[in-house]
Amino acid sequence: MIALDVGGTYIKGGAAGEDGILRETDRWFTGAERGPDAVLETVLAAAREPADRHRPAAAGIAVPGIVDETAGAVILAANLGRRRLPVRDWLAEELGLPVALGHGLVGGLTGQAIRGELAAAGLADRMVPIAGESRRTVAVVEESVGDTTILLEPGPVVGPDEWARFLGHLDALLPEAAAVVLSGSLPRGVPDDAYAHLLGLAHARGVPAVLDADGTAPCAGLAAGPDLVKPNADELAAATGLADPVAAAGALVDGGAGAVVASLGPNGLIAGTSQGSWRARPPEALAGNLTGAGGAAVAALTLGLVDATPWPERLAEAVALSAAAVRAPLAGDFDPDVHRRLRPLVDVQPLHPQRSS
């Protein structure tokens, strides 16, 4: 992937491998005083240099200012002039690569590498710019025993103006959304009640929302009534003080969650809802990269929420997809053959009689 960040002083560029890690970086003077055409020529040169040395699948470019991400155009940028520039299509034609243009809640070259990978996958992104550098997560997998060690960089600080822009941008996008997923720990700099605020925005637009967060976020967001909360077993116990995951899930439902699905690692999932409680077990334990397994389960559960899939089928799909993600080397991928094999073999059993709503 080619990553470009067009700043006021420098244009920063680099190449990232399939794992999202930057292999090389460089920078060039922006020279905005030369005019927009000269800046764009420097952008093209900055992209071609790493593209000539590698065989990238896509490119991501960030430009500060006002960007129409759907059209791939820069509407207003101080270093490119006050005009509508079709930067995405121009750069894609020059490089012969799919290009993502925007300025999401990603920062720096790592952020643009992320955007490049999204473009290569054919996925549009709609994000908000931040000054900080997006963090990287490195997973070290010992395949012989199936252990995974995860190295987490600290995330960037999100400033008040950046957060305010994000809230406005999300609110504008919500009418297009079938569901909203709120994932991960809160970035430094945002309010402690950020998830509750985001859930409130979603519900005000009539959009179902899933909360997949760690720390104190699940409890802080309960008052806003998330349609689904997805903790792991440790987070569930910490949030409720209850060792029994079924009782803990029921406590969160009583506290305001529409439903709770907790991950038990290789032992599958348990679900507590107003319709009943279930446990879903995979037919076998699989070794591999655990990074992304939880996200795969959330994706399946969110699709089930949107489609109103019955809970047993919803949980079976989540367990099978999560297990298939473990067998894929890179987070975000899954092994379709493993998914097809495991899906009919997942065992889903009711745990308790129907809860009163």
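Quick rundown of the values:
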{"item": "Net charge contributed by nearby residues that have their C-beta within less than 12 Å of residue 180 (K/R +1, D/E -1)", "result": "-3"}
{"item": "Two-site label geometry, residue 52 and residue 94: point separation in nm, points 7 Å out along Cα→Cβ", "result": "1.4 nm"}
{"item": "Exposure proxy ranking, count of Cβ atoms within 10 Å, fewest first, for 290, 252, 236", "result": "290, 252, 236"}
{"item": "Extension gain, residue 349 back to residue 28 (0.36 nm per residue minus Cα-Cα distance, nm)", "result": "109.6 nm"}
{"item": "Residue-span extension gain [residue 147 to residue 193] - 0.36 nm each, minus C-alpha spacing", "result": "13.1 nm"}
{"item": "Derived scalar couplings ³J(HN,Hα) [the range 185-193; Karplus, 6.51 cos²θ - 1.76 cosθ + 1.60; whole Hz; x for Gly, Pro]", "result": "6, 6, x, 5, x, 8, x, 4, 9"}
{"item": "Length released on extending from residue 125 to residue 284, taking residue separation times 0.36 nm less the Cα-Cα span", "result": "53.7 nm"}
{"item": "Least to most buried among 49, 284 (fewest other Cβ within 10 Å first)", "result": "284, 49"}
{"item": "Residues in the range 251-292 that a label on residue 237 would reach, taking backbone N under 13 Å of a point 7 Å out along Cα→Cβ", "result": "264-265"}
{"item": "Residue order, fewest to most surrounding Cβ atoms within 10 angstrom, among 334, 29", "result": "29, 334"}
{"item": "Residue 44 paired with residue 169, simple spin-label distance in nm, labels 7 Å along Cα-to-beta-carbon", "result": "2.8 nm"}
{"item": "FRET efficiency, residue 9 to residue 161 (Cβ-Cβ, R0 22 Å, nearest 0.05)", "result": "0.65"}
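Values in this text are rule-based calculations from the coordinates and carry no lab data. Model, not experiment: these values are computed from the prediction. We place every Cβ from the backbone using ideal geometry, glycine too, and count neighbours over all the protein chains shown.
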